[in-house]
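S.K.: Got a structure for you, written out below as structure tokens; questions coming shortly.
The values are calculated or read from the model by the stated rules, or taken from the named source; none is laboratory data. Computed from a prediction, not measured in an experiment: that's the story for all the values here. Counting neighbours? That spans all protein chains shown, and the Cβs are built from the backbone with ideal geometry, glycine included. Note: accessible area is taken over every heavy atom of the protein model, side chains too, but ligands, DNA and RNA are not part of it. Shrake-Rupley method; radii C 1.70, N 1.55, O 1.52, S 1.80 Å.
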Amino acid sequence: EFERALDGARQLGLEEQQAQARCGLAEIHFALGRYASAREHGEQAAAIYERLGTSAGPSARHSIDRGIGRANNILSTVAEREGKLTESTSRAERAIAAFEAAGDRRGRGIATLQYLRTDKGDAERERELIDRVIADARAVSDRGLEAAALHSFGDGLFATGNYAESLEKLEAAAAIYEAMGLHGDLGTTYNSLGRLYRAHGRLDAALANQLKALALHEKGTSSFLHMQSLNAV
């Protein structure tokens, strides 16, 4: 579908529509583990949006800024998966700034979570950013984004040894994901819960959670998530 949209936009000379199609293709290729292709489409989309942004009038600026945010957020996720953390952080910062310019709270929340994956900073700053993401998610009624923020928060609390609060946040995230039927995200949360139980020496509970994660990820399309669950088990 995105390939057809890209071909049609090329034939008509519609640059912004080309960039939109390339963002869609980048997201699909990333989900399938085709990172080189995801990067190629993401970089071309970002270049188009940045070029259009230099001459966009006020009426077009909103959609261009959202496009810049989307393309840079995709590229941040690709760079993170490739181990290029400095690039990942800078791309996420660019995405946050673009979404803020567009007044897109959902986009800002998504990009902020991506930023926190590679540059958490101090614990107080991380908590402030997570609280902002949760507020953004609730403002736009995005339960999935709220769950992602809770999951990220739980992982951060685990890293600082705050196991009790970490368990609370992870269980809250899992409940939302389960209610929404977001099985891939639910699986990653189960893996986080398994790691938490393992740290307490509760290997029975750890394995139970990780086997649930594996069962979910075996049915999904992400080889990366499947590999993570296999490794956890």
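S.K.: How big is the stretch 115-165 along each principal axis, measuring the range of its Cα positions in Å and listing the largest first?
M.R.: Over the stretch 115-165, Cα extents along the principal axes are 31, 21, 16 Å.
S.K.: Using Cα pairs closer than 8 Å and at least 6 residues apart in sequence, work out the relative contact order for the stretch 16-173, in percent. Intermediate values should be presented prior to the final figure.
M.R.: Values: 218 pairs, mean separation 23.3, N = 158.
For the stretch 16-173, the relative contact order is 15 percent.
S.K.: Two decimals is fine: what's Rg over Rh for the stretch 12-142, C-alpha atoms, Kirkwood radius as Rh?
M.R.: With Rg and the Kirkwood Rh in hand, the quotient comes to 0.98.
S.K.: I would also like to ask the following. For the peptides 17-27, 55-65, 156-166, what is the packing order when you average, over each peptide's residues, the other Cβ atoms within 10 Å and list the highest mean first?
M.R.: Values: 17-27: 22.6, 55-65: 13.3, 156-166: 15.3.
Highest mean packing first, the order is 17-27, 156-166, 55-65.
S.K.: Also: Pick from ALA45, ALA205, ALA95 the residue whose mean-square fluctuation is largest in a GNM of the chain, springs joining Cα atoms under 10 Å.
M.R.: Result: ALA205 has the largest fluctuation of those listed.
S.K.: Something else about it: What aspartates and glutamates sit close enough to LYS212 to cross-link, taking a C-alpha to C-alpha distance under 13 Å and skipping anything fewer than 8 places away on the same chain?
M.R.: Correct list for LYS212: GLU178, ASP185, ASP204.
S.K.: Which order do peptides 33-42, 188-197, 6-15 fall in by mean Cβ count within 10 Å, highest first? If you can, show how the numbers build up before the last one.
M.R.: Numbers: 33-42: 19.1, 188-197: 23.9, 6-15: 13.0.
The most tightly packed comes first, giving 188-197, 33-42, 6-15.
S.K.: As an exercise, use a Förster radius of 35 Å and the Cβ-Cβ distance of GLU15 and ALA135 to find the FRET efficiency, rounded to the nearest 0.05. Please report the intermediate quantities before stating the final value.
M.R.: On the way: r = 35 Å, r/R0 = 0.99.
Efficiency at R0 = 35 Å is approximately 0.50.
S.K.: Here's another thing I want to ask about it. For the chain, set up a GNM with springs between Cα atoms under 10 Å and report which of LEU75, LEU85, LEU170 has the largest fluctuation.
M.R.: Sorting by GNM fluctuation, first place goes to LEU85.
S.K.: Please work out how much length the chain gains when fully extended from ALA215 to ARG125, using 0.36 nm per residue of separation minus the C-alpha to C-alpha distance, in nm with one decimal.
M.R.: Values: separation 90, 0.36 × 90 = 32.40 nm, distance 3.55 nm.
Taking 0.36 nm per residue and subtracting the Cα distance, the gain is 28.8 nm.
S.K.: As a test of the definition: which semi-axes, in Å, follow for the stretch 154-211 when you take the square root of five times each eigenvalue of its alpha carbon gyration tensor? Largest first, please.
M.R.: Numbers: eigenvalues 66, 38, 12 Å².
Ellipsoid half-lengths, sorted descending, are 18, 14, 8 Å.
S.K.: For the chain, what does the accessible surface come to per residue with a 1.4 Å probe? Please give it in Å². All intermediate terms of the calculation are to be shown ahead of the outcome.
M.R.: Details: 11590 Å² over 233 residues.
Per-residue accessible area for the chain comes out at 50 Å².
S.K.: If I build a Gaussian network model for the chain, linking alpha-carbon pairs within less than 10 angstrom, which residue out of ALA46, ALA175, ALA71 has the largest mean-square fluctuation?
M.R.: Ranking ALA46, ALA175, ALA71 by mean-square fluctuation puts ALA175 first.
S.K.: Using only Cα atoms, find the angle between the long axis of helix 163-180 and the longest principal axis of the chain, and express it within 0 to 90 degrees, rounded to the nearest 10.
M.R.: It is inclined by approximately 60 degrees.
S.K.: Given contacts defined as C-alpha pairs under 8 Å and at least six residues apart, what's the relative contact order of the stretch 136-233, whole-number percent? The partial results should precede the final answer.
M.R.: Values: 111 pairs, mean separation 19.8, N = 98.
Relative contact order comes out at 20 percent.
S.K.: Considering the convex hull of the alpha carbon atoms of the chain, report its projected area averaged over all viewing directions, in nm², one decimal.
M.R.: Computing the convex hull of the Cα atoms and averaging its projections yields 13.1 nm².
S.K.: Between GLU178 and TYR163, what length in nm is gained on full extension when 0.36 nm per residue of separation is reduced by their alpha carbon distance? Working shown, then result.
M.R.: Values: separation 15, 0.36 × 15 = 5.40 nm, distance 2.20 nm.
Stretched out fully, the GLU178 to TYR163 stretch lengthens by 3.2 nm.
S.K.: At ALA56 and ALA97, where each label point lies 7 Å from the Cα along Cα→Cβ, what is the point-to-point distance in nanometres?
M.R.: A separation of 1.5 nm, rounded to one decimal place.
S.K.: Of all accessible surface on the chain at a 1.4 Å probe, what whole percent is carbon and sulfur? Numbers along the way, then the final one.
M.R.: On the way: 5890 of 11590 Å².
Of the solvent-accessible surface of the chain, carbon and sulfur hold 51 percent.
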